[in-house]
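To start, the structure itself, in structure tokens.
The values are calculated or read from the model by the stated rules, or taken from the named source; none is laboratory data. Predicted model, so just to flag it, every value in this text is computed and none were measured. Cβ atoms come from the backbone with ideal geometry, glycine included; neighbour counts cover every protein chain shown.
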Amino acid sequence: MAMLLLHRDATVTVCHSKTADLPAVARQADILVAAVGRPGLVTPDFVKPGATVIDVGVNRVTDPDVAASLFEEGHKRLEVFRKNGSVLVGDVHPKVADVAGALTPVPGGVGPLTITMLLHNTLQAARGLEV
């Protein structure tokens, strides 16, 4: 994705979980893509007000303390956790929705698009066309 954005003349910064002052670096982004593999790592202090946040992470939470840290009492997703013993969440804390201009959901956000593009590219390759 970084290369696609660079080819469109975007300024791209790639970070990792150990980047020095990660919240400050992330807060500079107009578009923030999170793919870290840690439930709720990206909190509101990582996000510039009005930024678009794309949550690529998919994490199955089975720890009640982690679930409680992500969802307030009475939240529908916390009830799902209590019923099933687990819940799928992204790398972005749900409270980011209070700051971001747009936030992709998990589940149901980028996953269906990823599958669609994979199938599209497979079909193009089968036809012998450039992907």
Residues (part of a helix (DSSP H, G or I) and touching a strand residue (DSSP E or B) at 6+ places or on another chain (Cβ under 8 Å)) located in the range 49-71: Ala67, Leu70
Residue within the range 111-129 that is assigned to a loop (DSSP other than H, G, I, E, B) and under 28 Å from Ala26 (Cα atoms) present: no
The lone exception for Leu129 - which of (1) modelled with pLDDT of 95 or more; (2) touching a helix residue (DSSP H, G or I) at 6+ places or on another chain (Cβ under 9 Å) it fails: (1)
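Among Gly101, Gly74, Gly111, Gly85, which is the only one that is touching a strand residue (DSSP E or B) at 6+ places or on another chain (Cβ under 9 Å), farther than 18 Å from Leu41 by Cβ and either among the basic types (Lys, Arg) or surrounded by fewer than 16 Cβ atoms within 10 Å (Cβ to Cβ) (or both)?
After ruling out the rest, the residue left standing is Gly101.
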Long-range neighbours under 6 Å by Cβ, at least six apart or interchain, first residue closer than 17 Å to Leu32 by Cβ within the range 102-131, second in a helix (DSSP H, G or I) and β-branched (Val, Ile, Thr): Leu103/Val96; Thr104/Val110
Yes/no for Thr43 being surrounded by fewer than 17 Cβ atoms within 10 Å (Cβ to Cβ) and within 23 Å of Met1 (Cβ to Cβ): yes
Count of residues meeting criterion [under 21 Å from Val89 (Cβ atoms) and touching a helix residue (DSSP H, G or I) at 6+ places or on another chain (Cβ under 6 Å)] in the range 8-31: 3
